[in-house]
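Presented below is the structure to which this report refers.
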Amino acid sequence: MDAPTEETGGGKSLFDELSEVTSKPADNDEWPTAVRADERTTANLCAPGKNERENLPSRHRKERRDPKTIERANLMNVSKLLIKELIDSSLAHGRMLDDDYIPLQQFFIVLEHVLRHGLKPKKGILSSKKEFWWVLETVEKIAPEAAEITTSVREMPNIRTPLGRARAWLRLALMQKSLADYFKLMIEQKDRLLQDFYEPGAFMLEEEGVVIAGLLVGLNVLDCNMCIKGEDLDQPMGVIDFSLYMKDGKYSDSTDDDNGEGNSKMATILDQKNYLEELNRHLNATVANLQQKLEQVQADNCLMKEDLAISKNSILTLQAEVDELSSEKENVTTGYQKQMEAAKQDIDAERATYITSRAGLDTMYADVKKQLEDETKLRLDVEKELELQIGMKTEMEMALRLLEKDIHEKQDTVIGLRKQLDDIKAINLELYNKLQACESTVKHKTEMVTKLEEKTNQLVGAMKEMEQRLKQSASDKVAAEETARKLGQIIAEKDQKRSALETSLQIERDTRGRVQSDLEQEREKLAQTQLEVAQLKDLKRDYSELIGRHEELQAQCTEQESALAELGSHLSESKLKVEDMREASALQREAHWASDETATHCKQCSKEFSLARRKHHCRNCGDIYCSECSDNKMPLPSSSKPVRVCDTCNEQLLHRYSATS
């Protein structure tokens, strides 16, 4: 797509206006630096006429410099003024910048001139065209995050020209505060990106490009909000009002310019310092987060190494089992080959008998020419039998597909067994489920085999019926010879029908050969199914062995659990004994041996002691009771034999012993 030509419109460009200002000397004989960016005004600014050269001040009568260096210097000075004025005015107002802010509009105009300076023309259909949109498109090659800006600009429906797309790209980059970063990347990669677009001596290829990239860093402190969709970015380039940068309609002297440049440099340096400090804090935070993540990753790596070692050991065991299964498979295949050879010999013998029987049938078919109605009925019966055979064939194909699916499922289960190495119980469950599936498939296959056997028996019965019919036709032949004398007039019609019957007989012979070939294929498939049934039995045997191992492991687990339960019961008993001993010791500490002199009545029944009612000490609590209230004997920790205790202590000790038991 060719770029459109630059439209000048009715307004003057930036450098045309500056050339008019510089062509008129000031009253105080102070001249500003010549400003221009268009090759069409180079001769007017850098090569003045004779009268103009005589009127120039003495400090401007210097040697002639390179026009491109003068253009770069002019663009550099104007860019500094605009960026300084933009930062100062935005900080003074303290608000977010929008589309109506005049310094921001003038900044974008100067930035367009900077990017357009020294740009190689892109040859179009009508004329040479200069557009810097293709330069900005290449930024996404070195900065992938710029691809989002480029795609959003391409998808804008109100922008139709490359110039409008370039303007929208610059505004979006400034709003995202990444314009300085993109310029810095372009300057660093200028040998790779910019050499194809710019001529030697262009602004972006010289040192001024590095300076402008540094100045743009100061714009990161600004907040911009511009409505790009509602703005007409395809319009011609605007004009800059230089009255904002002049005093009393004239340019300031060289000292003021120097002071302004110093202040602008100081402001840009401070802005860069603040930006770098914020960037440093952000980088420190990201480094801390990355260190934490690195520690977590290292811990996870250690755990994964342990899991890998465990999985390798289990893989080795499974590999040994796979080798055993492969050896068993080889044995099964050799047996299957022997069975196939025997089956082939049987098939050859059956084929020979079939050929002999078919020769006899051909001779018998030649005799049966006049029995048209019977033969048509027989043909219909044969067609029905063929349909049955076709149905049987389809059923066999479905059975084979099911068998193939089962084989694929078994292969998938083997792969799953290799992967699921960590949990033995999950493997056992999967094997159990697979065994159920195999049993269902075996049942289904046995049913199919029984159906096939029934169908083969039906075919044998049909063959016997055919032989009986042929015998009947032979007996009818004798009767037909007797009636042939009476049917001499119908011979001509019968001959025509005979020819048709011969063709039908030929067709029936062909169909009979096809049926025989299908029968042979079905026998081969039956042999394959029997082989697969044998393989399934082997798998069932392996599964039974695994179940036995699982039961042994479960028995070991139950034994260990019972042992743990016994240990727990012993521990609980020992704890209870310790508690009993502690309680007994506490009771012994608390109990005091009551004296006989002070006790006059029983402590429980309060009856007075006498010669008939004697005093007895409780060996547990130490109090004095009568014989009726202390007629109990219980073993105590302090004595090896049962001793006398009171009724209350007896109940307490019984309760304690029952709890321990």
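The values are calculated or read from the model by the stated rules, or taken from the named source; none is laboratory data. Model, not experiment: these values are computed from the prediction. Reconstructed Cβ throughout: ideal geometry from the backbone, glycine too, with neighbour counts over all protein chains shown. What goes into the accessible areas is simple: the full protein's heavy atoms, side chains included, and nothing from ligands, DNA or RNA. Shrake-Rupley method; radii C 1.70, N 1.55, O 1.52, S 1.80 Å.
Here is how the numbers come out for the structure above:
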quantity	calculated
Percentage, to the nearest whole number, of Cα pairs in the range 441-559 over 25 Å apart	59 percent
Long-range HN-HN contacts of Glu131 with modeled amide H, under 5 Å	Lys122
For peptides 105-118, 491-504, sequence by mean Cβ density within 10 Å, most packed first	105-118, 491-504
Point-charge dipole on Cβ atoms (K/R +1, D/E -1) for the range 387-543, about Cα centre, debye to 20	280 debye
Per-residue SASA entry for Val643, accessible area with 1.4 Å probe, Å² rounded to 10	30 Å²
Phi-based couplings in Hz for the range 393-407 (Karplus 6.51, -1.76, 1.60; Gly and Pro marked x)	5, 4, 5, 5, 4, 5, 5, 5, 4, 5, 5, 4, 4, 5, 5
P(r) of the range 420-461 over all Cα-Cα pairs, binned every 5 Å from zero, in whole percent	6, 20, 13, 13, 10, 10, 8, 6, 6, 3, 3, 1
Cross-link pairs Lys338/Lys434; Lys84/Lys177; Lys410/Lys537; Lys410/Lys445; Lys370/Lys486 - those with Cα-Cα distance over 19 Å	Lys338/Lys434
Options Thr450, Tyr432, Met463, ranked by Cα towards positive dipole end of the range 419-484, top entry (Cβ charges)	Tyr432
Unit charges on C-beta of K, R, D, E only; dipole of the range 516-661, Debye	1420 debye
Protection proxy ranking, peptides 552-561, 205-214, average beta carbon neighbours within 10 Å, highest first	205-214, 552-561
Segments 340-347, 173-180 sorted - mean Cβ within 10 Å per residue, highest first	173-180, 340-347
